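To start, the structure itself, in structure tokens.
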Amino acid sequence: MARQPAKTLWYDRPRYVYLEFCVEDSTDVKVVIEDHRLVFSCKNADGVEFYNEINLYARVNSKDSREKRSDRSITCFMRKWKEKVAWPRITKENIKPAWLSVDFDNWRDWEGDEEGEGHGGTVRRDAGEGDRKRPPASHG
């Protein structure tokens, strides 16, 4: 049986990039996190093999990165080499595979946040252009 990519969600935070491989009841989970690449493989309860290989947008600290398995998915926490630098995408190449999506439930436009892990003195590239990245407020 051929391997197939697992449905994958990702989101960006100031210190970490998160990838969630959505495979229920996974077995034989293997995650290899390198400085510029992540390789994931596992099987599900039906014996279907999943395999994803991602060349990362930027360098991560592979020694300070880890994964956590649950019954529903495997989540990888990758420590950014350059903290507080937003990643516009997870892949090195400017292409979006069909199996990869932004995790909008966990996504935040943290670049403009004042609290938490805020921007700490870094200057935004689009400083002075307002909050154009935020969705418009709903009226009514």
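Once neighbouring chains are kept in place and the probe is 1.4 Å, which whole percent of the accessible area of region 8-84 is contributed by carbon and sulfur? Write out the running numbers ahead of the final one.
Numbers: 1580 of 3950 Å².
Carbon with sulfur: 40 percent of the solvent-accessible area.
Shown is the FRET efficiency for residue 43 and residue 103, computed with R0 = 22 Å from the Cβ-Cβ distance and rounded to the nearest 0.05: 0.40.
Each label was represented as a point 7 Å from its Cα along the Cα-to-Cβ direction; for residue 55 and residue 22 these points are 2.7 nm apart. The lysines whose alpha-carbon is closer than 21 Å to the alpha-carbon of residue 68, local same-chain residues fewer than 8 away aside, are 7, 30, 43, 80. The protection proxy used here, the mean number of other Cβ atoms lying within 10 Å of each residue, ranks peptides 34-45, 14-25, 91-102 as follows, highest first: 14-25, 34-45, 91-102.
The values are calculated or read from the model by the stated rules, or taken from the named source; none is laboratory data. The model shown is predicted, which means the values in this text are computed figures rather than measured ones. Backbone-built Cβ (ideal geometry, glycine too); neighbour counts: all protein chains shown. SASA here: full protein model, heavy atoms, side chains in, ligands and nucleic acids out. Shrake-Rupley method; radii C 1.70, N 1.55, O 1.52, S 1.80 Å.
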